[in-house]
Amino acid sequence: MNLRQLSHLIALADEGRFVAAAERVHLSQAAFSRSIQALEADWGLRLFERGPLGAVLTPAGRTLVERSRRLVFDADCLERDAALLRGGLLGELAFGAGPVPAAVLVPPLLAELRRQAPQVVARVRYGNVPSLLTLLTDEAIEFFVADRRMLTDPSRLDMTPVAQIHGGVYARKGHPLLGAEQVTTADLTRFGLGVVSTSPQLFVYIAQGLGFASPGDLPVVVECDDVATLARLAADGDMLALLPRALPTAIELGLQPLRGVKTFGDLYVDAHAVWLRGRTLAPAAETAIRLFKAGSGR
């Protein structure tokens, strides 16, 4: 048994067919089949049932493939740690950000990173939390920044707080609700609300914050991952938008917060940097997270 064979085992478990798994690891089908057969002979166990539907893991195979994933992951981490120690600050940083951190935290972070570490090439991916988790699991990014409350299963993740991004309900200049001493849920329902894509748990939090009895009562007319798009829609009509404070696009468009909204509590994004548990962060990633915290005063 060796790590290469374990990677073949994982590939076949994921793909379910010998042809696809062999292509994934860049082997001929014959060589790939020999590798799996050798592993089964070495362990004295049948790991897959072969049939017209492809290769299906046996109970023993299911147990051993999960242990194999951990071993291959740990081996990758070991190689990576050695490279970090040899090379010092890496020349590339790949990270992700959710919609609100992308609009508020990332631009100043990139500017400061250019000043402090101009040799680092930053590659930033934006998306919602499920897509960022996929990128993280695939090791396409080092970490991402998002609201920790959108993580349904953080057991395989490490994280640290970087900022609380406070927000409010914004409207265009001249909007009928601007200047109102009190804005009711009926007022919000009349004009409709634009929000970023979020989790069911956070919809409960937003509904409570705006005084609605349940998230089903929220008058959401647009749900979008791009905060700047929400700001432009609010500027072009009477739709209201739930936006972070000091959003550059909102300032440029002259949007103003409604002062009469009676909230359950101050609405905010609890932004955390999130990475795979057991993974050593590269120096450039540690620098970026430090700068995220410094920019928010943490």
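Here, each number is a calculation from the coordinates, and none is a lab measurement. Please read these numbers as outputs of a predicted model, since none were measured by experiment. Methodologically, a virtual Cβ is constructed for each residue, glycine included, from the backbone with ideal geometry; neighbour enumeration extends over all protein chains shown.
Mind giving me the nanometre distance, one decimal, between the label points for THR63 and ALA30, set 7 Å out from Cα along Cα→Cβ?
3.5
Would you mind getting me the FRET efficiency between ALA83 and ALA20? Use the beta-carbon distance for r and R0 = 30 Å, nearest 0.05.
Details: r = 30 Å, r/R0 = 1.00.
Approximately 0.50, to the nearest 0.05.
By per-residue mean of other Cβ atoms within 10 Å, what is the highest-first order of 139-152, 49-62? Can you show the working numbers first?
Working: 139-152: 20.4, 49-62: 13.1.
Per-residue mean Cβ counts within 10 Å order the peptides as 139-152, 49-62.
Compute log10 of I(q)/I(0) for the range 3-86 with the Debye formula, placing one identical point scatterer on every Cα and leaving out solvent, at q = 0.15, 0.24, 0.26 Å⁻¹, to two decimals.
Debye curve over Cα of the range 3-86, log10 I(q)/I(0) at q = 0.15, 0.24, 0.26 Å⁻¹: -0.54, -1.17, -1.31.
Hey, what did the chain get for relative contact order, percent, Cα under 8 Å, at least 6 apart?
Values: 483 pairs, mean separation 66.7, N = 298.
Here the relative contact order equals 22 percent.
Rounded to the nearest 0.05, what FRET efficiency is calculated for LEU71 and GLU49 with R0 set to 22 Å and r the Cβ-Cβ distance?
On the way: r = 23 Å, r/R0 = 1.06.
According to the calculation, E is roughly 0.40.
How many nm is it between the label spots at ASP236 and ARG149, if each spot is 7 Å from the Cα in line with the beta carbon?
Placing both labels 7 Å along Cα→Cβ, they lie 3.0 nm apart.
Peptides 158-164, 41-47: what's the order by average Cβ count within 10 Å, highest mean first? It would help to have the intermediate numbers written out before the result.
On the way: 158-164: 17.3, 41-47: 12.6.
Result, highest mean Cβ count within 10 Å first: 158-164, 41-47.
Place the peptides 244-257, 195-208, 18-31, 267-280 in order of packing, highest mean first, counting for every residue the other Cβ atoms within 10 Å and averaging per peptide.
Working: 244-257: 16.4, 195-208: 18.1, 18-31: 14.9, 267-280: 19.8.
My ranking of the peptides, most packed first, is 267-280, 195-208, 244-257, 18-31.
Give the percent of DSSP beta bridges with both residues in the chain that are antiparallel, rounded to the nearest 5. Walk me through the numbers before you get to the answer.
Values: 23 of 39 bridges.
Of all bridge pairs located within the chain, approximately 60 percent are antiparallel.
Over the Cα atoms of the chain, what is the Rg over Rh ratio if Rh follows Kirkwood? Please report the intermediate quantities before stating the final value.
Working: Rg = 24.4 Å, Rh = 22.2 Å.
Checking Rg against Rh, the ratio lands at 1.10.
How much FRET efficiency would the formula 1/(1 + (r/R0)^6) give for GLN5 and GLU286, where r is the Cβ-Cβ distance and R0 is 41 Å, rounded to 0.05? Could the numbers behind the result be given before it?
Details: r = 34 Å, r/R0 = 0.84.
Given R0 = 41 Å and the Cβ-Cβ separation, E is 0.75.
Roughly how big is the range 166-268's charge dipole about its Cα centre, with Cβ charges of +1 (Lys, Arg) and -1 (Asp, Glu), in debye to the nearest 20?
Details: 7 positive and 10 negative charges, 50 e Å.
For the range 166-268, the charge dipole is close to 240 debye.
Between ALA111 and THR184, what length in nm is gained on full extension when 0.36 nm per residue of separation is reduced by their alpha carbon distance?
Working: separation 73, 0.36 × 73 = 26.28 nm, distance 4.04 nm.
In short, 22.2 nm is gained.
To the nearest 20 Debye, how big is the dipole of the range 106-246 about its Cα centre, given +1 on the beta carbon of each Lys and Arg and -1 on that of each Asp and Glu? Spell out each step's value before the answer.
Working: 12 positive and 15 negative charges, 82 e Å.
Here the size comes out at about 400 debye.
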